[in-house]
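Beneath this line is the structure, given in structure tokens, with notes to follow.
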Amino acid sequence: MPTEVISARNAAGLSFALNGLLFATLVSRIPLVREHLDLSNGELGLLLLAIAAGSVLTLPTIGALIQRSSAASVVRLGAVLDVCGLVLAAIGAGVAEVLPLAALGLFLHGVGVGIWDVAMNVEAAEVERRLERTVMPRFHAGWSIGSILGAGIGIPMAAADVPLLVHFGVVAAVALTLAVHASRSFLPAEPERDEPVRSAASAWTEPRTLAIGAMVLAFALVEGTANDWLALALIDGYDARHWVGVAGYALFVCAMTTGRLLGPVFLDRFGRVPVLRLTAATAGVGILLVVLGQHPLVVAVGILAWGLGASLGFPVGMSAAADDRARSAARVSVVSTIGYSAFLAGPPLLGVVGDHVGTLEALLVVAVLMLPAALSASAARPARPRVGDRQ
């Protein structure tokens, strides 16, 4: 196996981990953000929409940006914007306690998250093609491992009431340094040869791409809801302490990481469609156990099932969108836009539901989405089967 592919694989994995670290750093302190700004669930949900707005407004343009430059340079741009937004949000919420300033920081953070995410997925898809086996879920496991680290750091930070600016600032500085270093080992950009020139926007007219996006939308909302609301649901619904809520989120991420590490074995053996349908059912059952379980052990089992069920939808959707290398950047951009619209915008809107029925009970809305997720999983079937692929 060429050394450059191994180096690119490791660099992409580190990039995913750092992206997850920054995301979980913010998630782990959301209860404190709510407290500093004195927000209700609905108001917090609207504030978190700033992240969604930044990402969703940026995502449709990223495919063309990567085609004009490279995944490495776009990752660097996204990392800079991500950490700058995170620090600004910490200043707005934790120092000045000014809502518009916090919202501006979260918007900039969202722009960075979106840019970084699409570029690293395009790089990961190219590495997967060079390796000729399913590895995309393991890259996303890297994101989950970064999230575990971020949540793990967040637990003592929350318990010790460390200021947001100190917490976010130190993590952001380390993450940015490592992200820039990792991007230097990405595969070199290669101009397309013997391919017709097509607008990146034309991917929005492709039925299979849109169908994959619909499948990813449902799975992304289930994952995003856990990121934004699981800790608060445990705190509000079961009167748990803040650190217990963060620990519940960490348990979810551990389960999701396990699913992503083991998933490629089952995907290569049984194929994308049956595995995705099984994970959809598992996530739905897990959410029901979290909401209705009452007993701590039952709730813990539910969190584990939820994490396992949410593990494969997003990464398999990225692989499916990138099946054809010639249109990889454009199609990943489309699917990411649809997925992130749910991942980032859906959970904040769930806060409005939570204000009326309770934070914990609002999760039942998400459980219902696992039915359309299972039905739409057939869109991920490989467009052009390779050796070893199963339908």
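Against the conditions (1) surrounded by 22 or more Cβ atoms within 10 Å (Cβ to Cβ); (2) part of a helix (DSSP H, G or I); (3) modelled with pLDDT of 90 or more; (4) not polar (S, T, N, Q), residue 233 satisfies every one except (3). Scanning segment 363-391 for residues being small (Gly, Ala, Ser) and either within 18 Å of residue 46 (Cβ to Cβ) or at pLDDT below 70 (or both) gives a total of 2.
How many of the residues making up segment 6-38 are under 17 Å from residue 136 (Cβ atoms), in contact with a Gly (Cβ under 9 Å, 6 or more places away or on another chain) and either of a type in the set (A, V, I, L, M) or not in a helix (DSSP H, G or I) (or both)? I'd like the intermediate steps shown before the answer.
First pass over segment 6-38, keeping only residues under 17 Å from residue 136 (Cβ atoms): 6, 8-17, 19-20.
Remaining after also requiring in contact with a Gly (Cβ under 9 Å, 6 or more places away or on another chain): 12-17, 19-20.
Subset that is either of a type in the set (A, V, I, L, M) or not in a helix (DSSP H, G or I) (or both): 12, 14, 17.
So the answer is 3.
Suppose the filter is farther than 18 Å from residue 148 by Cα and part of a loop (DSSP other than H, G, I, E, B); does residue 268 pass it? Considered against the rule, which asks whether it is farther than 18 Å from residue 148 by Cα and part of a loop (DSSP other than H, G, I, E, B), residue 268 comes out as no.
Taking first residues from segment 279-296 that are in contact (Cβ under 8 Å) with a residue 60 or more places away in the chain and partners that are aromatic (Phe, Trp, Tyr) and in a helix (DSSP H, G or I), the Cβ contacts under 6 Å between residues at least 6 apart in sequence or on separate chains come to 283/306; 287/306.
Might you check whether a residue that is assigned to a helix (DSSP H, G or I), crowded, with 22+ Cβ neighbours inside 10 Å and at pLDDT 80 or above occurs anywhere in segment 346-362? Checked against the condition, which is being assigned to a helix (DSSP H, G or I), crowded, with 22+ Cβ neighbours inside 10 Å and at pLDDT 80 or above, segment 346-362 yields at least one hit. Here is the figure for segment 306-344: residues that are among the hydrophobic types (A, V, I, L, M, F, W, C) and surrounded by fewer than 21 Cβ atoms within 10 Å (Cβ to Cβ) total 1. Taking residue 51 as the residue in question, decide whether it is over 27 Å from residue 170 (Cβ atoms), hydrophobic (A, V, I, L, M, F, W, C), at pLDDT below 95 and crowded, with 23+ Cβ neighbours inside 10 Å. No: the conditions fail for residue 51. Here the condition is being in a helix (DSSP H, G or I), among the aliphatic types (A, V, I, L, M), within 30 Å of residue 161 (Cβ to Cβ) and out of contact with any Gly (no Cβ under 6 Å at 6 or more places or on another chain); of 247, 281, it holds for 247 alone. Can you pull out the residues in segment 250-278 that are free of Cβ contacts under 8 Å to residues at least 12 places away in the same chain and touching a helix residue (DSSP H, G or I) at 6+ places or on another chain (Cβ under 9 Å)? Correct list: 262, 266, 274, 278.
The values are calculated or read from the model by the stated rules, or taken from the named source; none is laboratory data. Because the structure is predicted, anything quoted here is derived from the model rather than measured. Please note: Cβ atoms are built from the backbone with ideal geometry, for glycine as well, and neighbour counts cover all protein chains shown.
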